[in-house]
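Q: Provided herewith is a single structure, encoded as C-alpha coordinates, for subsequent inquiry.
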Amino acid sequence: MNKIRKINIGITGIVLLIFSACVSTKPTLINKISFAKNSVVAHRGAWKKNGLPENSIASLKQAIELKCTGSEFDVRMTADNVLIVTHDPTYNNLEIEKTNYSDLAALKLFNGEKLPTLKEYLLAGSENNNSTRLFCEIKPSKVSKERGIVIATKVVQLVRDLNLQHMVTYISFDIDILKKIAVLEPNSSTQYLEGNKPPEYLKIAGIKGADYHYFNYKKHPEWIENAKKNDIILNAWTVNEASDLEWLLANNFDFITTDEPELLLKLTKERKILYKDYQLVWADEFNTAGLPDSTKWNYNVGGDGYGNNEKQFYLEKTLENSFVKDGKLHIVALKKEHQNSQYTSARLTTYGKYSLQYGKIEVMAKLPEGKGTWPAIWMLPESLRKKEETWPTCGEIDIMEHVGNDPNMVHTTLHTQLYNHMHNTQISHFERLTDVFNTSHLYSVEWEPDTIKFFIDNKLFFEAFKGQDGKDTSNEGWPFDKPYFLILNLAIGGNWGGEIDDTIFPAQMQIDYVRIYQKPTL
Ligand code: MG
(Lines give C-alpha, C1' and ligand atoms only; values in the text may rest on other atoms or scores of the structure.)
Protein backbone atom coordinates (compact mmCIF):
# COMPACT_ATOMS: atom_id res chain seq x y z
CA MET A 1 0.00 0.00 0.00
CA ASN A 2 1.18 3.50 -0.77
CA LYS A 3 1.58 5.84 2.10
CA ILE A 4 0.62 9.39 1.31
CA ARG A 5 3.22 11.52 2.98
CA LYS A 6 2.58 15.09 3.85
CA ILE A 7 5.61 17.22 3.26
CA ASN A 8 5.78 20.45 5.09
CA ILE A 9 8.38 22.55 3.35
CA GLY A 10 7.48 25.72 5.24
CA ILE A 11 7.67 29.34 4.16
CA THR A 12 11.48 29.29 3.69
CA GLY A 13 11.17 26.30 1.37
CA ILE A 14 8.54 28.00 -0.77
CA VAL A 15 10.63 31.16 -0.99
CA LEU A 16 13.67 29.11 -2.03
CA LEU A 17 11.67 27.21 -4.64
CA ILE A 18 10.29 30.44 -6.13
CA PHE A 19 13.77 31.98 -6.07
CA SER A 20 15.41 29.05 -7.83
CA ALA A 21 12.61 28.89 -10.42
CA CYS A 22 13.20 32.60 -11.17
CA VAL A 23 16.99 32.59 -11.48
CA SER A 24 17.44 29.31 -13.32
CA THR A 25 16.63 28.77 -16.99
CA LYS A 26 18.23 25.35 -16.81
CA PRO A 27 15.91 22.52 -17.82
CA THR A 28 14.85 20.00 -15.22
CA LEU A 29 16.91 17.01 -16.15
CA ILE A 30 17.48 13.44 -15.44
CA ASN A 31 21.20 13.69 -14.85
CA LYS A 32 21.71 9.99 -15.00
CA ILE A 33 20.48 9.11 -18.43
CA SER A 34 20.77 5.54 -19.66
CA PHE A 35 21.51 5.93 -23.33
CA ALA A 36 19.96 3.35 -25.65
CA LYS A 37 22.11 0.25 -26.00
CA ASN A 38 22.52 0.35 -29.75
CA SER A 39 25.07 2.00 -32.03
CA VAL A 40 22.58 4.01 -34.08
CA VAL A 41 23.30 7.71 -34.59
CA ALA A 42 20.67 9.39 -36.77
CA HIS A 43 22.54 11.68 -39.19
CA ARG A 44 20.93 15.15 -38.96
CA GLY A 45 18.11 13.48 -37.03
CA ALA A 46 15.75 10.79 -38.32
CA TRP A 47 14.45 12.74 -41.30
CA LYS A 48 14.56 10.50 -44.34
CA LYS A 49 11.83 7.91 -43.79
CA ASN A 50 9.23 10.49 -42.72
CA GLY A 51 10.23 13.20 -45.19
CA LEU A 52 11.25 15.71 -42.48
CA PRO A 53 13.80 18.51 -42.97
CA GLU A 54 17.35 17.55 -42.00
CA ASN A 55 18.53 19.22 -38.78
CA SER A 56 14.96 20.08 -37.78
CA ILE A 57 13.61 19.67 -34.27
CA ALA A 58 11.02 17.31 -35.77
CA SER A 59 13.80 15.00 -37.04
CA LEU A 60 15.57 15.17 -33.66
CA LYS A 61 12.32 14.23 -31.91
CA GLN A 62 11.88 11.34 -34.32
CA ALA A 63 15.39 10.03 -33.49
CA ILE A 64 14.50 10.19 -29.77
CA GLU A 65 11.18 8.47 -30.50
CA LEU A 66 13.07 5.64 -32.26
CA LYS A 67 15.43 5.41 -29.25
CA CYS A 68 18.56 5.90 -31.32
CA THR A 69 21.61 6.12 -29.07
CA GLY A 70 22.49 9.40 -30.77
CA SER A 71 21.17 12.10 -33.05
CA GLU A 72 23.59 14.26 -35.00
CA PHE A 73 23.20 17.93 -36.01
CA ASP A 74 25.33 20.76 -37.42
CA VAL A 75 26.06 24.09 -35.76
CA ARG A 76 26.92 27.39 -37.45
CA MET A 77 26.94 31.01 -36.22
CA THR A 78 25.15 33.96 -37.82
CA ALA A 79 26.68 37.43 -38.44
CA ASP A 80 25.13 38.63 -35.15
CA ASN A 81 26.64 35.70 -33.25
CA VAL A 82 23.55 33.52 -32.88
CA LEU A 83 24.33 29.80 -32.85
CA ILE A 84 21.96 27.96 -35.18
CA VAL A 85 21.43 24.39 -36.34
CA THR A 86 21.80 23.94 -40.09
CA HIS A 87 24.17 22.09 -42.41
CA ASP A 88 25.16 24.20 -45.39
CA PRO A 89 27.12 27.48 -45.15
CA THR A 90 24.14 29.14 -46.88
CA TYR A 91 20.47 29.08 -45.99
CA ASN A 92 18.04 29.95 -48.78
CA ASN A 93 21.02 31.46 -50.65
CA LEU A 94 21.90 33.70 -47.69
CA GLU A 95 25.43 33.33 -46.39
CA ILE A 96 24.90 32.41 -42.75
CA GLU A 97 28.04 34.05 -41.38
CA LYS A 98 27.18 37.31 -43.16
CA THR A 99 23.46 37.42 -42.33
CA ASN A 100 21.69 38.28 -39.08
CA TYR A 101 19.58 35.64 -37.42
CA SER A 102 16.30 37.57 -37.82
CA ASP A 103 16.73 37.63 -41.62
CA LEU A 104 17.48 33.90 -41.69
CA ALA A 105 14.67 33.00 -39.28
CA ALA A 106 12.13 34.84 -41.44
CA LEU A 107 12.46 31.87 -43.79
CA LYS A 108 10.92 28.68 -42.40
CA LEU A 109 12.02 25.08 -42.89
CA PHE A 110 9.82 23.24 -45.37
CA ASN A 111 7.74 21.61 -42.60
CA GLY A 112 6.84 25.09 -41.28
CA GLU A 113 9.33 24.86 -38.42
CA LYS A 114 11.45 27.91 -37.53
CA LEU A 115 15.16 27.64 -38.29
CA PRO A 116 16.26 26.42 -34.85
CA THR A 117 18.78 28.20 -32.68
CA LEU A 118 21.19 25.86 -30.94
CA LYS A 119 19.57 26.72 -27.60
CA GLU A 120 16.10 25.79 -28.85
CA TYR A 121 17.49 22.63 -30.39
CA LEU A 122 19.33 21.51 -27.23
CA LEU A 123 16.30 22.24 -25.04
CA ALA A 124 14.08 20.22 -27.39
CA GLY A 125 16.66 17.41 -27.29
CA SER A 126 16.67 17.32 -23.51
CA GLU A 127 12.90 16.96 -23.16
CA ASN A 128 11.54 13.45 -22.58
CA ASN A 129 14.82 12.02 -23.68
CA ASN A 130 16.23 9.12 -21.74
CA SER A 131 17.93 7.41 -24.67
CA THR A 132 19.61 9.69 -27.16
CA ARG A 133 22.97 11.48 -27.07
CA LEU A 134 23.22 14.80 -28.90
CA PHE A 135 26.02 14.60 -31.47
CA CYS A 136 26.91 18.24 -32.00
CA GLU A 137 28.96 18.90 -35.14
CA ILE A 138 30.71 22.26 -35.00
CA LYS A 139 31.31 23.49 -38.52
CA PRO A 140 34.56 25.41 -38.99
CA SER A 141 34.01 29.08 -39.86
CA LYS A 142 34.38 30.20 -43.48
CA VAL A 143 35.45 33.61 -42.20
CA SER A 144 38.51 32.54 -40.23
CA LYS A 145 40.03 29.73 -38.25
CA GLU A 146 39.75 31.91 -35.12
CA ARG A 147 36.02 32.41 -35.58
CA GLY A 148 35.63 28.61 -35.61
CA ILE A 149 37.33 28.47 -32.21
CA VAL A 150 35.05 31.29 -30.95
CA ILE A 151 32.00 29.31 -32.14
CA ALA A 152 33.27 26.19 -30.33
CA THR A 153 33.83 28.16 -27.12
CA LYS A 154 30.32 29.62 -27.28
CA VAL A 155 28.79 26.19 -27.93
CA VAL A 156 30.58 24.69 -24.92
CA GLN A 157 29.43 27.62 -22.74
CA LEU A 158 25.81 27.23 -23.87
CA VAL A 159 25.85 23.47 -23.19
CA ARG A 160 27.27 24.22 -19.74
CA ASP A 161 24.64 26.93 -19.08
CA LEU A 162 21.92 24.45 -19.96
CA ASN A 163 23.53 21.79 -17.78
CA LEU A 164 23.63 19.35 -20.71
CA GLN A 165 27.31 18.35 -20.66
CA HIS A 166 26.40 14.70 -20.03
CA MET A 167 24.29 14.52 -23.18
CA VAL A 168 26.53 16.16 -25.75
CA THR A 169 29.25 14.59 -27.90
CA TYR A 170 31.27 17.10 -29.91
CA ILE A 171 32.36 16.25 -33.44
CA SER A 172 34.25 18.34 -35.99
CA PHE A 173 36.37 18.25 -39.12
CA ASP A 174 38.65 20.83 -37.50
CA ILE A 175 41.02 19.12 -35.08
CA ASP A 176 41.85 22.44 -33.38
CA ILE A 177 38.20 22.95 -32.50
CA LEU A 178 38.23 19.56 -30.77
CA LYS A 179 41.53 20.28 -29.04
CA LYS A 180 40.01 23.53 -27.71
CA ILE A 181 36.94 21.67 -26.42
CA ALA A 182 39.19 19.08 -24.76
CA VAL A 183 40.75 21.95 -22.80
CA LEU A 184 37.47 23.74 -22.01
CA GLU A 185 35.58 20.61 -21.05
CA PRO A 186 38.08 17.82 -20.34
CA ASN A 187 35.42 15.21 -19.56
CA SER A 188 33.47 15.80 -22.76
CA SER A 189 33.31 13.27 -25.55
CA THR A 190 35.03 14.50 -28.73
CA GLN A 191 35.24 12.74 -32.10
CA TYR A 192 37.27 13.74 -35.13
CA LEU A 193 35.63 13.58 -38.57
CA GLU A 194 38.33 14.12 -41.18
CA GLY A 195 39.61 10.53 -41.34
CA ASN A 196 43.25 11.40 -41.91
CA LYS A 197 44.70 10.53 -38.50
CA PRO A 198 45.38 7.09 -37.01
CA PRO A 199 43.81 6.33 -33.61
CA GLU A 200 47.21 6.59 -31.88
CA TYR A 201 47.38 10.25 -32.95
CA LEU A 202 43.92 10.99 -31.51
CA LYS A 203 44.94 9.39 -28.22
CA ILE A 204 47.96 11.69 -27.93
CA ALA A 205 45.88 14.73 -28.98
CA GLY A 206 43.38 14.04 -26.17
CA ILE A 207 40.50 13.39 -28.58
CA LYS A 208 38.21 10.60 -27.45
CA GLY A 209 37.00 9.13 -30.71
CA ALA A 210 37.34 8.63 -34.45
CA ASP A 211 34.21 9.39 -36.48
CA TYR A 212 35.45 8.74 -40.01
CA HIS A 213 33.85 8.09 -43.36
CA TYR A 214 33.51 4.30 -43.35
CA PHE A 215 35.69 4.01 -46.43
CA ASN A 216 38.67 5.13 -44.31
CA TYR A 217 38.26 2.02 -42.16
CA LYS A 218 38.09 -0.18 -45.25
CA LYS A 219 41.32 1.42 -46.44
CA HIS A 220 42.96 1.11 -43.01
CA PRO A 221 41.37 -1.94 -41.38
CA GLU A 222 44.15 -1.89 -38.76
CA TRP A 223 42.69 1.39 -37.41
CA ILE A 224 39.72 -0.57 -36.04
CA GLU A 225 41.96 -2.77 -33.89
CA ASN A 226 44.26 0.11 -32.94
CA ALA A 227 41.30 2.23 -31.85
CA LYS A 228 40.09 -0.55 -29.56
CA LYS A 229 43.60 -1.01 -28.12
CA ASN A 230 43.91 2.75 -27.46
CA ASP A 231 40.38 3.15 -26.02
CA ILE A 232 39.44 5.39 -28.92
CA ILE A 233 35.69 5.35 -29.55
CA LEU A 234 34.74 4.17 -33.06
CA ASN A 235 32.09 5.90 -35.12
CA ALA A 236 31.58 5.85 -38.91
CA TRP A 237 29.64 8.12 -41.27
CA THR A 238 27.40 8.17 -43.28
CA VAL A 239 26.53 4.55 -43.78
CA ASN A 240 23.28 3.69 -45.52
CA GLU A 241 23.73 0.33 -47.30
CA ALA A 242 22.79 -2.84 -45.40
CA SER A 243 26.04 -4.64 -46.35
CA ASP A 244 28.20 -1.76 -45.02
CA LEU A 245 26.09 -1.49 -41.87
CA GLU A 246 26.51 -5.25 -41.32
CA TRP A 247 30.27 -4.90 -41.68
CA LEU A 248 30.44 -2.19 -39.01
CA LEU A 249 28.13 -4.16 -36.72
CA ALA A 250 30.36 -7.22 -37.18
CA ASN A 251 33.32 -5.08 -36.14
CA ASN A 252 31.52 -3.85 -33.01
CA PHE A 253 31.65 -0.14 -33.79
CA ASP A 254 30.51 1.95 -30.82
CA PHE A 255 28.50 4.21 -33.11
CA ILE A 256 27.32 4.14 -36.73
CA THR A 257 26.02 7.38 -38.22
CA THR A 258 23.30 6.80 -40.78
CA ASP A 259 20.46 8.36 -42.76
CA GLU A 260 18.66 5.02 -42.29
CA PRO A 261 18.28 4.66 -38.51
CA GLU A 262 15.21 2.43 -38.89
CA LEU A 263 17.17 -0.02 -41.06
CA LEU A 264 20.15 -0.05 -38.71
CA LEU A 265 17.89 -0.63 -35.69
CA LYS A 266 16.28 -3.55 -37.53
CA LEU A 267 19.66 -5.07 -38.48
CA THR A 268 20.89 -4.62 -34.89
CA LYS A 269 17.85 -6.47 -33.55
CA GLU A 270 18.20 -9.32 -36.08
CA ARG A 271 21.89 -9.61 -35.36
CA LYS A 272 21.32 -10.01 -31.63
CA ILE A 273 19.37 -13.18 -32.42
CA LEU A 274 21.58 -14.51 -35.25
CA TYR A 275 24.98 -13.97 -33.67
CA LYS A 276 24.07 -14.46 -30.01
CA ASP A 277 27.40 -14.53 -28.18
CA TYR A 278 29.63 -14.76 -31.26
CA GLN A 279 32.51 -12.27 -31.51
CA LEU A 280 34.40 -11.55 -34.71
CA VAL A 281 37.89 -13.07 -34.39
CA TRP A 282 39.26 -13.17 -37.95
CA ALA A 283 38.21 -11.59 -41.23
CA ASP A 284 39.33 -10.65 -44.68
CA GLU A 285 37.17 -7.96 -46.25
CA PHE A 286 39.35 -7.92 -49.40
CA ASN A 287 39.77 -4.17 -49.48
CA THR A 288 43.34 -3.96 -50.73
CA ALA A 289 44.16 -4.39 -54.40
CA GLY A 290 46.60 -6.94 -55.80
CA LEU A 291 47.52 -10.42 -54.58
CA PRO A 292 45.58 -11.80 -51.60
CA ASP A 293 46.94 -10.73 -48.18
CA SER A 294 49.91 -13.01 -47.51
CA THR A 295 49.48 -12.64 -43.75
CA LYS A 296 46.14 -14.42 -44.12
CA TRP A 297 46.42 -16.78 -47.08
CA ASN A 298 48.67 -19.57 -48.35
CA TYR A 299 48.35 -21.47 -51.61
CA ASN A 300 48.19 -25.10 -52.58
CA VAL A 301 50.20 -25.62 -55.75
CA GLY A 302 49.98 -28.51 -58.19
CA GLY A 303 48.11 -30.37 -60.88
CA ASP A 304 47.88 -33.95 -59.67
CA GLY A 305 44.08 -34.09 -59.73
CA TYR A 306 43.73 -33.92 -55.94
CA GLY A 307 42.31 -37.46 -55.72
CA ASN A 308 39.33 -36.44 -57.88
CA ASN A 309 40.92 -36.50 -61.33
CA GLU A 310 40.60 -32.68 -61.45
CA LYS A 311 41.94 -31.05 -64.60
CA GLN A 312 43.34 -27.74 -63.36
CA PHE A 313 46.84 -26.82 -62.25
CA TYR A 314 46.75 -24.63 -59.13
CA LEU A 315 49.27 -21.79 -59.25
CA GLU A 316 50.41 -19.49 -56.47
CA LYS A 317 50.73 -15.72 -56.56
CA THR A 318 49.68 -15.36 -60.20
CA LEU A 319 47.58 -12.22 -60.52
CA GLU A 320 45.60 -13.79 -63.35
CA ASN A 321 44.41 -16.65 -61.09
CA SER A 322 43.95 -14.94 -57.71
CA PHE A 323 43.66 -11.24 -57.01
CA VAL A 324 41.79 -8.68 -54.94
CA LYS A 325 39.97 -5.91 -56.75
CA ASP A 326 36.93 -3.70 -56.08
CA GLY A 327 36.59 -5.11 -52.56
CA LYS A 328 36.45 -8.73 -53.69
CA LEU A 329 38.76 -11.73 -53.92
CA HIS A 330 38.68 -13.21 -57.43
CA ILE A 331 39.69 -16.82 -58.02
CA VAL A 332 39.95 -17.28 -61.76
CA ALA A 333 40.23 -20.45 -63.83
CA LEU A 334 41.77 -20.03 -67.29
CA LYS A 335 42.04 -22.23 -70.35
CA LYS A 336 45.81 -22.16 -70.27
CA GLU A 337 48.33 -24.94 -70.48
CA HIS A 338 50.60 -25.49 -67.53
CA GLN A 339 52.77 -28.61 -67.31
CA ASN A 340 50.33 -31.49 -67.98
CA SER A 341 47.16 -29.48 -67.35
CA GLN A 342 44.99 -27.60 -69.86
CA TYR A 343 43.67 -25.19 -67.22
CA THR A 344 45.10 -23.01 -64.48
CA SER A 345 43.34 -21.88 -61.31
CA ALA A 346 44.01 -21.15 -57.61
CA ARG A 347 43.39 -22.79 -54.26
CA LEU A 348 43.83 -20.52 -51.23
CA THR A 349 44.07 -21.80 -47.71
CA THR A 350 44.49 -20.33 -44.26
CA TYR A 351 46.69 -23.31 -43.27
CA GLY A 352 49.68 -22.05 -41.30
CA LYS A 353 47.99 -18.62 -40.96
CA TYR A 354 44.74 -19.28 -39.15
CA SER A 355 42.94 -22.35 -37.82
CA LEU A 356 39.98 -22.68 -35.51
CA GLN A 357 38.15 -25.22 -33.45
CA TYR A 358 34.46 -24.28 -33.28
CA GLY A 359 33.01 -21.02 -34.49
CA LYS A 360 30.81 -19.37 -37.07
CA ILE A 361 32.42 -19.19 -40.49
CA GLU A 362 30.88 -16.89 -43.09
CA VAL A 363 31.82 -16.57 -46.76
CA MET A 364 29.90 -14.17 -49.00
CA ALA A 365 30.42 -15.30 -52.61
CA LYS A 366 29.28 -15.28 -56.23
CA LEU A 367 29.91 -18.58 -58.02
CA PRO A 368 31.27 -19.20 -61.54
CA GLU A 369 28.87 -20.23 -64.27
CA GLY A 370 29.52 -22.92 -66.87
CA LYS A 371 29.99 -26.65 -67.37
CA GLY A 372 33.13 -28.01 -65.74
CA THR A 373 33.43 -25.47 -62.90
CA TRP A 374 33.60 -26.84 -59.37
CA PRO A 375 34.07 -24.08 -56.78
CA ALA A 376 34.36 -25.00 -53.12
CA ILE A 377 34.41 -23.30 -49.71
CA TRP A 378 35.51 -25.92 -47.21
CA MET A 379 37.67 -26.95 -44.27
CA LEU A 380 40.24 -29.63 -43.47
CA PRO A 381 41.96 -30.30 -40.14
CA GLU A 382 45.56 -29.41 -39.37
CA SER A 383 46.08 -33.07 -38.37
CA LEU A 384 45.91 -34.05 -42.06
CA ARG A 385 48.60 -31.57 -43.07
CA LYS A 386 50.75 -32.56 -40.15
CA LYS A 387 50.38 -36.18 -41.29
CA GLU A 388 48.98 -37.19 -37.92
CA GLU A 389 45.88 -38.53 -39.67
CA THR A 390 44.83 -39.50 -43.16
CA TRP A 391 41.71 -38.66 -45.12
CA PRO A 392 38.89 -39.41 -44.44
CA THR A 393 39.64 -40.37 -40.82
CA CYS A 394 40.66 -36.77 -40.15
CA GLY A 395 37.27 -35.36 -41.26
CA GLU A 396 36.22 -32.67 -43.76
CA ILE A 397 33.64 -29.87 -43.55
CA ASP A 398 32.31 -28.68 -46.91
CA ILE A 399 30.53 -25.37 -46.38
CA MET A 400 29.61 -24.96 -50.05
CA GLU A 401 30.24 -26.92 -53.23
CA HIS A 402 28.68 -26.34 -56.60
CA VAL A 403 29.23 -27.91 -60.01
CA GLY A 404 28.45 -26.00 -63.18
CA ASN A 405 26.88 -29.13 -64.68
CA ASP A 406 24.01 -28.81 -62.15
CA PRO A 407 23.45 -25.04 -62.00
CA ASN A 408 22.27 -23.43 -58.76
CA MET A 409 22.37 -26.68 -56.74
CA VAL A 410 24.43 -25.91 -53.64
CA HIS A 411 25.85 -28.84 -51.67
CA THR A 412 27.07 -29.02 -48.13
CA THR A 413 28.76 -32.13 -46.73
CA LEU A 414 30.57 -33.67 -43.77
CA HIS A 415 33.04 -36.49 -44.49
CA THR A 416 34.32 -38.88 -41.85
CA GLN A 417 35.99 -42.32 -41.76
CA LEU A 418 32.61 -44.06 -41.44
CA TYR A 419 30.54 -41.65 -43.49
CA ASN A 420 32.12 -40.38 -46.71
CA HIS A 421 31.52 -40.06 -50.41
CA MET A 422 33.71 -43.08 -51.25
CA HIS A 423 30.95 -45.24 -49.72
CA ASN A 424 28.22 -42.76 -50.58
CA THR A 425 27.47 -42.48 -46.86
CA GLN A 426 28.59 -38.86 -46.44
CA ILE A 427 26.43 -36.62 -44.28
CA SER A 428 25.14 -34.16 -46.84
CA HIS A 429 22.42 -31.85 -47.97
CA PHE A 430 21.74 -29.93 -51.16
CA GLU A 431 19.49 -27.04 -51.99
CA ARG A 432 18.67 -25.34 -55.30
CA LEU A 433 18.94 -21.55 -55.17
CA THR A 434 17.60 -19.16 -57.80
CA ASP A 435 20.80 -17.37 -58.79
CA VAL A 436 24.24 -18.20 -57.44
CA PHE A 437 26.06 -16.60 -60.38
CA ASN A 438 24.96 -12.97 -60.38
CA THR A 439 24.00 -12.64 -56.72
CA SER A 440 26.35 -12.88 -53.74
CA HIS A 441 25.04 -15.35 -51.17
CA LEU A 442 26.26 -15.82 -47.64
CA TYR A 443 27.39 -19.40 -47.10
CA SER A 444 28.04 -20.13 -43.45
CA VAL A 445 28.35 -22.79 -40.77
CA GLU A 446 28.00 -22.69 -37.01
CA TRP A 447 30.29 -25.33 -35.62
CA GLU A 448 29.91 -26.28 -31.97
CA PRO A 449 31.15 -29.39 -30.10
CA ASP A 450 28.09 -31.53 -30.85
CA THR A 451 26.52 -29.86 -33.89
CA ILE A 452 27.36 -28.27 -37.22
CA LYS A 453 24.64 -26.05 -38.68
CA PHE A 454 24.69 -24.92 -42.30
CA PHE A 455 23.13 -21.65 -43.44
CA ILE A 456 22.56 -19.83 -46.72
CA ASP A 457 21.86 -16.12 -46.32
CA ASN A 458 21.47 -16.70 -42.58
CA LYS A 459 18.68 -19.24 -43.16
CA LEU A 460 19.36 -22.60 -41.50
CA PHE A 461 18.98 -25.37 -44.05
CA PHE A 462 20.82 -28.33 -42.57
CA GLU A 463 21.97 -29.38 -39.14
CA ALA A 464 24.17 -32.36 -38.32
CA PHE A 465 24.45 -33.73 -34.76
CA LYS A 466 27.07 -35.87 -33.15
CA GLY A 467 25.46 -39.32 -32.77
CA GLN A 468 22.56 -38.40 -35.10
CA ASP A 469 20.42 -41.43 -36.14
CA GLY A 470 22.59 -43.71 -34.01
CA LYS A 471 25.79 -42.69 -35.80
CA ASP A 472 29.18 -43.44 -34.28
CA THR A 473 30.38 -40.71 -31.92
CA SER A 474 34.09 -41.62 -31.90
CA ASN A 475 36.69 -39.95 -34.15
CA GLU A 476 35.61 -42.35 -36.92
CA GLY A 477 32.08 -40.93 -36.88
CA TRP A 478 32.52 -37.35 -35.59
CA PRO A 479 36.08 -36.06 -36.02
CA PHE A 480 35.01 -32.42 -35.70
CA ASP A 481 36.79 -31.69 -32.44
CA LYS A 482 40.18 -30.40 -33.58
CA PRO A 483 41.55 -27.30 -35.33
CA TYR A 484 40.51 -26.90 -38.97
CA PHE A 485 41.63 -24.38 -41.60
CA LEU A 486 39.65 -22.84 -44.45
CA ILE A 487 40.09 -23.51 -48.18
CA LEU A 488 38.70 -21.54 -51.13
CA ASN A 489 39.25 -22.97 -54.59
CA LEU A 490 37.94 -23.28 -58.10
CA ALA A 491 38.51 -26.75 -59.55
CA ILE A 492 37.85 -27.66 -63.18
CA GLY A 493 36.38 -30.97 -64.36
CA GLY A 494 37.22 -34.16 -62.48
CA ASN A 495 35.01 -36.90 -61.04
CA TRP A 496 32.30 -34.46 -59.97
CA GLY A 497 33.04 -31.35 -62.06
CA GLY A 498 32.55 -33.54 -65.16
CA GLU A 499 32.38 -32.38 -68.75
CA ILE A 500 34.12 -29.07 -69.44
CA ASP A 501 32.81 -26.42 -71.80
CA ASP A 502 35.96 -24.70 -73.12
CA THR A 503 34.03 -21.54 -74.09
CA ILE A 504 33.34 -20.50 -70.46
CA PHE A 505 36.84 -19.25 -69.61
CA PRO A 506 37.89 -17.18 -67.82
CA ALA A 507 35.58 -18.51 -65.10
CA GLN A 508 35.70 -16.94 -61.66
CA MET A 509 34.45 -17.17 -58.10
CA GLN A 510 34.18 -13.77 -56.38
CA ILE A 511 34.34 -13.54 -52.61
CA ASP A 512 33.14 -10.37 -50.85
CA TYR A 513 34.39 -11.35 -47.43
CA VAL A 514 35.33 -14.14 -45.06
CA ARG A 515 34.39 -13.57 -41.40
CA ILE A 516 35.03 -15.94 -38.54
CA TYR A 517 33.33 -15.55 -35.18
CA GLN A 518 33.79 -17.49 -31.96
CA LYS A 519 32.02 -17.68 -28.64
CA PRO A 520 34.42 -16.74 -25.86
CA THR A 521 32.89 -19.52 -23.75
CA LEU A 522 33.77 -22.33 -26.16
MG1 MG B 1 27.12 16.74 -39.79
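Q: When ligands, DNA and RNA are left out and all protein chains stay put, how many square angstrom of accessible area per residue does the chain have with a 1.4 Å probe?
A: For the chain, the per-residue accessible area is 46 Å².
Q: Take LYS296, project a point 7 Å from its Cα along the Cβ direction, then tell me which residues of region 372-409 have their backbone nitrogen under 19 Å from it.
A: Answer for region 372-409: 376-380, 399-400.
Q: Take the solvent-accessible surface of the protein heavy atoms, probe 1.4 Å, and return the percent of it on region 123-271 that carbon and sulfur atoms account for.
A: Reported share for carbon and sulfur atoms: 52 percent.
Q: List the lysines whose Cα lies under 19 Å from the Cα of LYS219, skipping any in the same chain that are fewer than 8 positions away.
A: Candidates past the 8-residue exclusion: LYS197, LYS228, LYS229, LYS296, LYS325, LYS328.
Q: Tally the DSSP beta bridges in the chain and give the antiparallel ones as a percent, rounded to 5.
A: 70 percent
Q: Give me a comma-separated list of calculated 3J(HN,Hα) values for region 70-83, in order, Karplus coefficients 6.51, -1.76, 1.60 applied at θ = phi - 60°, integers in Hz, x for any Gly or Pro.
A: Per residue, the Karplus-derived 3J(HN,Hα) values read x, 9, 9, 7, 10, 10, 10, 10, 6, 4, 9, 6, 9, 7 Hz.
Q: For region 31-54 and region 340-407, compute the distance between their C-alpha centroids and round to whole Å.
A: When both Cα centres are located, 44 Å separates them.
Q: Name all residues of region 327-364 having a backbone nitrogen under 16 Å from the label point set 7 Å from the Cα of ASP481 along its Cα→Cβ direction, giving them as ranges.
A: Under 16 Å, as judged by backbone N against the label point of ASP481, lie 357-359 of region 327-364.
Q: A further question on this structure: Work out which helices of the chain, taken as complete DSSP H runs, extend at least 18 Å along their axis over the Cα atoms and score a mean Kyte-Doolittle of 1.6 or more, then list them.
A: Helices passing the filter in the chain: 10-23.
Q: Okay, moving on. Contour minus end-to-end for ASP176 and ASP277, with contour as 0.36 nm per residue of separation and end-to-end as the Cα-Cα distance?
A: 32.4 nm
Q: At what distance in angstrom do the alpha carbon centres of region 144-223 and region 83-97 lie from each other?
A: Between the Cα centre of region 144-223 and that of region 83-97, the gap is 21 Å.
Q: So which trypsin sites (Lys or Arg not before Pro) in region 347-439 are both in a DSSP loop and have at most 11 other Cβ atoms within 10 Å of their Cβ?
A: Filter output for region 347-439: LYS386, LYS387.
Q: Nearest 0.05, what FRET efficiency do MET409 and THR90 give at R0 = 45 Å with Cβ-Cβ as r?
A: Rounded to the nearest 0.05, the efficiency is 0.15.
Q: Over all directions, average the projected area of the Cα convex hull of the chain and note it in nm².
A: Taking the Cα atoms of the chain, their convex hull projects to 34.0 nm² on average.
The values are calculated or read from the model by the stated rules, or taken from the named source; none is laboratory data. These figures come from a predicted structure and were not determined experimentally. FYI the Cβ positions are ideal-geometry reconstructions off the backbone, even for glycines, and counts take in every protein chain you see. Note: areas computed on protein heavy atoms with side chains; ligands, DNA, RNA excluded. Shrake-Rupley method; radii C 1.70, N 1.55, O 1.52, S 1.80 Å.
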